[in-house]
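The values are calculated or read from the model by the stated rules, or taken from the named source; none is laboratory data. For clarity, every value in this text was computed on a predicted model and none was experimentally measured. For neighbour counting, all protein chains shown are included, and Cβ atoms are generated from backbone atoms with ideal geometry for every residue, glycine included.
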Amino acid sequence: MVEWHHAPVHKLGEQGCYMVTAGTYRKEKIFNSASALDLLQDNLLSLAERYGWNLQAWAVLANHYHFVAFSPPEAKSLPDMLRQFHSETARIINRRQNAKRRRVWYQFWDSHITHQTSYLARLKYVHYNPVHHGLVEDLIQYRWCSAGWFEETTGAGFQRTVRSFGTKRLNVIDDY
């Protein structure tokens, strides 16, 4: 892996919809148990609500996560929310795994979604991420993803629309 000293540019500020991806340091599968994944998902849902981010889709895996969310009026709160999310989850998982001072998170990447087709394709991408990584065959089987919630809370027509979108042309960092 090539190390680069610059972090990704975050052009936050405009209210709107964003997709966020973050990975663990050196892509280590640190969150490799049900309780660790529960920690990630519960913390993400709680902090998103506290910071006013309206989650539309999410998937948390052993070494990365993705989510799509509508921002509050101040989209600039995203780095603060993620800093708290990463800090809290790192502290807890390191304590659980007796790994003092281990670096857990690496960076996050965000993109401001400005077109409906891009939004719909990213919803599908996030929901199918556990399938993409070979963790399950049926996306509903993976409980640390919003796919089950999406199936229960949205109409059949919208579900068909989201499923119809291709994701191969999306530029998402996901080499985990």
Test ALA121 against the stated conditions and say whether it is hydrophobic (A, V, I, L, M, F, W, C), over 18 Å from PHE165 (Cα atoms) and in contact (Cβ under 8 Å) with a residue 12 or more places away in the chain.
no
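Could you tell me whether TRP109 is within 23 Å of LYS76 (Cα to Cα) and of a type outside the set (Ser, Thr, Tyr)?
It is true that TRP109 is within 23 Å of LYS76 (Cα to Cα) and of a type outside the set (Ser, Thr, Tyr).
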Only residues in region 77-89 that are over 13 Å from LEU45 (Cα atoms) and of a type in the set (Lys, Arg) count as the first member; pair them with residues that are surrounded by fewer than 16 Cβ atoms within 10 Å (Cβ to Cβ) and at pLDDT below 95, Cβ under 6 angstrom, at least 6 apart or cross-chain, and list the lot.
none
Within region 77-86, is even one residue in a strand (DSSP E or B), surrounded by 14 or more Cβ atoms within 10 Å (Cβ to Cβ) and not polar (S, T, N, Q)?
no
From ARG91, ARG83, grab the single residue that is basic (Lys, Arg) and within 17 Å of GLU28 (Cα to Cα).
ARG91
Given the criterion in contact with a strand residue (DSSP E or B) (Cβ under 9 Å, 6 or more places away or on another chain) and of a type outside the set (Gly, Ala, Ser), identify the matching residue among LEU55, LEU47.
LEU55
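Could you tell me which residue of region 146-176 is surrounded by the most Cβ atoms within 10 Å (Cβ to Cβ), considering only residues that are assigned to a helix (DSSP H, G or I) and in contact (Cβ under 8 Å) with a residue 12 or more places away in the chain? Even if it seems obvious, please write down each step before you answer.
Residues of region 146-176 that are assigned to a helix (DSSP H, G or I), as a first pass: 147-153, 156-163.
Subset that is in contact (Cβ under 8 Å) with a residue 12 or more places away in the chain: 147, 150, 161-163.
Working: ALA147: 26, PHE150: 20, THR161: 14, VAL162: 20, ARG163: 12.
Ranking the candidates gives ALA147 first.
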Of those in region 51-65 that are assigned to a loop (DSSP other than H, G, I, E, B) and without any contact (Cβ under 8 Å) to a residue 60 or more places away in the chain, the residue farthest from GLN15 (Cα to Cα) is ALA62
Could you list, in sequence order, all residues of region 110-127 that are surrounded by fewer than 19 Cβ atoms within 10 Å (Cβ to Cβ) and in contact with a Gly (Cβ under 9 Å, 6 or more places away or on another chain)?
HIS112, THR114
Which residues, taken from region 93-109, are surrounded by 16 or more Cβ atoms within 10 Å (Cβ to Cβ) and either among the hydroxyl-bearing types (Ser, Thr, Tyr) or at pLDDT 95 or above (or both)?
ILE93, ASN94, VAL104, TRP105, TYR106
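Taking the conditions exactly as written (touching a residue at least 40 places away in the same chain (Cβ under 8 Å), assigned to a loop (DSSP other than H, G, I, E, B) and not charged (D, E, K, R)), does PRO130 satisfy them or not?
Numbers: touching a residue at least 40 places away in the same chain (Cβ under 8 Å): yes; assigned to a loop (DSSP other than H, G, I, E, B): no; not charged (D, E, K, R): yes.
Judged against the criteria, PRO130 is not a match.
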Please verify whether ASP42 is touching a residue at least 40 places away in the same chain (Cβ under 8 Å), over 11 Å from the mean Cα position of the chain (by Cα) and not in a strand (DSSP E or B), treating the condition exactly as stated.
no
